[in-house]
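The values are calculated or read from the model by the stated rules, or taken from the named source; none is laboratory data. Remember, predicted model here, so these are calculated numbers, not experimental data. Positions of Cβ are generated from backbone atoms using ideal geometry, with glycine treated the same way; all protein chains shown enter the neighbour counts. Just so you know, the surface numbers come from the protein's heavy atoms only, side chains and all, with ligands and any DNA or RNA stripped out. Shrake-Rupley method; radii C 1.70, N 1.55, O 1.52, S 1.80 Å.
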Amino acid sequence: MSLENCVSSLLGDGVCVLPTETVYGLACSALSVSAIEKVYRIKGRPATNPLIVHVLNHAKANDICFTNEFSEKLANAFWPGPLTFILPKRDCIPRQITAGLPSVAVRSPAHPLFRNVLERLNVPLAAPSANPANKLSPTCPQDIAEAFGKDCPEILDGGPCELGIESTVLDLTSEFPNILRLGPIGQTSIEEVLGCPVNCTSGANSNGTKSEIPKTSPGQESKHYAPDTPLYLYPNINVMLKSNHLKSSHVMVLPHPPVFAKKTKQGPCSLYFSQTGNPLDISRNLFSTLRRADKLNKEIIHTSLFPDNDELYYALNDRLGRAASVRL
Ligand code: AMP
Ligand code: MG
């Protein structure tokens with residue numbers, strides 16, 4: 001769809017798909033209850049799972065929530081970008097967006113098309129990932145068309161997403177900042193800017209194991225972002241390559257081509273998350289590769305956690321942990 005049509009659809013309480021640098025979002029006016037209800041309906045999202053509101057900058061964020069010193073420092077450092085703040089909401093934000101919570105999630109997206117739409121509309125936009133609830137997030141227009149079929153909302157094509165995983169969600173409603181969802185902006189980068197320690201109660205730990213700390217963010221169930229094919233998740237590549245679960249009717253997903261599986265008659269076929277092994281390339285392709293693996297209609301997808309040597313891998317391990325049906 002054209003930018004003009006997108007803007008007029010959103011002004012008329014319509015819903016359309018917009019590109020962001022993280023994943024594609026199903027956007028609507030954050031001030032229109034009827035549009036928000038459409039978004040929940042199209043996604044099949046439970047009403048208990050709140051939406052992120054997108055704004056142009058920190059000053060605009062302050063129109064919808066009570067910003068503070070932490071959010072200001074972090075917005076200066078990371079906005080526009082993949083960092084979402086949870087802050088006390090103002091009355092203009094309908095309770096349907098926040099699932100009845102007194103706080104709202106807000107971020108400023110970097111994608112030029114999304115920003116262009118925000119500038120023209122001058123209205124905050126709610127935009128959860130443009131996928132049916134609990135499925136893999138879409139990172140290119142084709143993913144959305146395939147997931148929604150004939151009911152697919154109109155899409156503003158912004159090409160493949162630059163980052164490929166959802167934003168970091170940081171709760172700033174209490175004295176101590178707390179990461180509710182791991183994402184492209186890591187804990188140490190946030191700590192460096194704030195000059196104080198930051199907690200992390202995301203549903204999974206950096207090594208992909210389930211956190212012992214109870215989750216505090218709605219919609220962050222430990223099974224989420226999942227392909228349809230069962231996914232077996234190994235602690236590292238070596239354990240996976242030695243596994244006796246691997247069969248020719250399965251597919252194995254590896255970080256990059258220099259890592260070869262021993263080709264045997266019984267062995268599964270292999271896919272790669274990237275050609276380079278670079279964490280950002282892997283992130284960009286994480287969901288699209290799992291989608292490709294899913295489409296092969298094999299019995300099982302095998303993959304392994306990434307090493308603990310890069311903050312982006314913590315977020316990727318979190319997503320793999322949520323996609324997994326079996327942990328080995
Ligand atoms: P999505 O827009 O699909 O990427 O996911 C948005 C996620 O942000 C939700 O699933 C929640 O985990 C989190 N979130 C949104 N609003 C709040 C809030 N007020 N408090 C805590 N977490 C929130
Ligand atoms: Mg989502």
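Which helices pass in the chain if a helix is a full DSSP H run, must span at least 15 angstrom along its long axis by Cα, and must have mean Kyte-Doolittle hydropathy not below -0.5? Intermediate values should be presented prior to the final figure.
Numbers: long enough: 33-43 (16 Å, 0.12); 279-295 (24 Å, -0.66); 311-323 (19 Å, -0.58).
Span-like helices in the chain: 33-43.
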Worksheet item: For the chain, what mean projected area does the convex hull of the alpha carbons give, in nm²?
Response: 15.7
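Considering only the chain, what is the antiparallel percent among its DSSP beta bridges, to the nearest 5? Display every interim value, and only then the final one.
On the way: 17 of 41 bridges.
Looking only at bridges with both residues in the chain, the antiparallel portion is about 40 percent.
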Worksheet entry | Where the range 160-199 is the region considered: accessible area per residue in Å², 1.4 Å probe | 40
Response to the item:
For L280, the accessible surface traced by a 1.4 Å probe with all protein chains present amounts, in square angstrom to the nearest 10, to 60
Discussion item. Which aspartates and glutamates, if any, have their Cα less than 15 Å from the Cα of K43, not counting same-chain residues under 8 positions apart?
Written reply: D143, E146, D151, E154
Item to complete: Compute the separation of the alpha-carbon centres of the range 131-174 and the range 42-78 and state it in Å as a whole number.
Response: 18
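What does the net charge come to around A110 if you take all other residues with beta carbon closer than 9 Å to its beta carbon, with K and R at +1 and D and E at -1?
Numbers: positive: R115; negative: E21, E162.
Here the charged neighbours net out to -1.
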Fill in: Cβ-based net charge around N199, under 11 Å, with every Lys or Arg adding one and every Asp or Glu removing one
-3
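Counting only protein heavy atoms, what percent of the accessible surface of the chain is carbon or sulfur at a 1.4 Å probe? Mind showing how you got there, number by number?
On the way: 7190 of 13950 Å².
Within the chain, the accessible surface is 52 percent carbon and sulfur.
Could you give the semi-axes, largest first, of the ellipsoid that matches the range 20-119, computed as the square roots of 5 times the alpha carbon gyration tensor eigenvalues and rounded to whole Å?
Numbers: eigenvalues 88, 55, 25 Å².
Result for the range 20-119: semi-axes of 21, 17, 11 Å.
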